[in-house]
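See below for the structure under consideration.
Each reported figure results from applying straightforward, stated rules to the coordinates on display, with no laboratory input. What you see is a predicted model, and the numbers here were worked out from it, not measured in a lab. Here the Cβ positions follow ideal geometry from the backbone for every residue, glycine too, while neighbour counts run over all protein chains shown.
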Ligand SMILES: [Ca+2]
């Protein structure tokens, strides 16, 4: 009986669809946004492919969902980008000339008005987009 329960729990845990994004209107730093998204939803937005990014772009119900996503520069290897809670970057949509690490302080990623990605300083305040895991 116990084994059946464990098996059932494992099956449920792997039956996860990440496809829902939530636009957070309150402006926060990247770290504040990460904490908020982890508390209220699942995490800052994770984008695994173009389909995900298309869903994200419609998350705000507006034309331009400018805000933080969960992508950050690896502190030990500046050429590597990681998703908050979701591993290495496998898809990106950088804007022209980005990521440029302007002033050597841009280690977090924000969706810009033109719907492309830009590395930004983590202490700036922007809207953000959360991922919400659907069961
Ligand atoms: Ca930049």
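Projected over all directions and averaged, the alpha-carbon convex hull of region 14-135 occupies 7.3 nm².
By the count of other C-beta atoms within 10 Å, a proxy for reagent exposure, 81, 30 are ordered fewest to most as 81, 30. If the chain between residue 76 and residue 20 were fully stretched, how many nm would it gain, using 0.36 nm times the residue separation less the Cα-Cα distance? Full-extension gain reported as 17.1 nm.
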